[in-house]
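Inspection log for the structure reproduced underneath, given as structure tokens.
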Amino acid sequence: MVNFEWNQKDFEEAILEEGMERGRAEGVEQGKIDIILEMLRGKLPLEIIAHMSKFPLERVKEIDGMHSLL
């Protein structure tokens, strides 16, 4: 038999923590995309942008295509 006691406060704190972690990760991702957009506006070669951002070249091309910068 499993001994399990539900603790609503611990549950809510875990959900909040998970949401905060996800939000931070999304914020970091968006920050990188903003920098990639600036490099695209500066007409840097896509290969250089991919190398500097550590994003796959295909993802850089996708970002470029979504924003029609080149």
* Asked: Taking +1 at the Cβ of each Lys and Arg and -1 at the Cβ of each Asp and Glu, which of 6, 45, 55 sits farthest along the dipole of the chain towards its positive end, judged by Cα position relative to the Cα centre?
  -> 45
* Under a Cβ-Cβ cut-off of 15 Å, what is the net charge of the residues other than residue 6 that fall near it, where Lys and Arg count +1 and Asp and Glu count -1? -> -3
* Among the lysines, which fall within straight-line cross-link reach of residue 43, defined as a Cα-Cα distance under 19 Å, with same-chain neighbours fewer than 8 residues apart omitted? -> 32, 54, 61
* Asked: Quick one: Karplus J couplings for the stretch 44-59, per residue in order, coefficients 6.51, -1.76, 1.60, θ = phi - 60°, nearest Hz, x for Gly and Pro?
  -> 5, x, 4, 5, 5, 4, 4, 5, 5, 8, 6, 9, x, 3, 4, 5
* GNM result for the chain, Cα springs below 10 Å: residue of 16, 44, 57 fluctuating most strongly -> 16
* Nitroxide proxy distance, nm - points 7 Å out along Cα→Cβ at residue 32 and residue 3 -> 4.5
* To do: Could you work out which residue, out of 15, 48, 35, moves most in a Gaussian network model of the chain, that is, has the largest mean-square fluctuation with Cα springs under 10 Å?
  => 15
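Bear in mind these aren't lab numbers, they're just calculated from the coordinates by the rules spelled out. What you are looking at is a predicted structure, and each value in this text was computed from that prediction instead of being measured. All Cβ positions, even for glycine, are placed from backbone atoms using ideal geometry, and neighbour counts span all protein chains on display.
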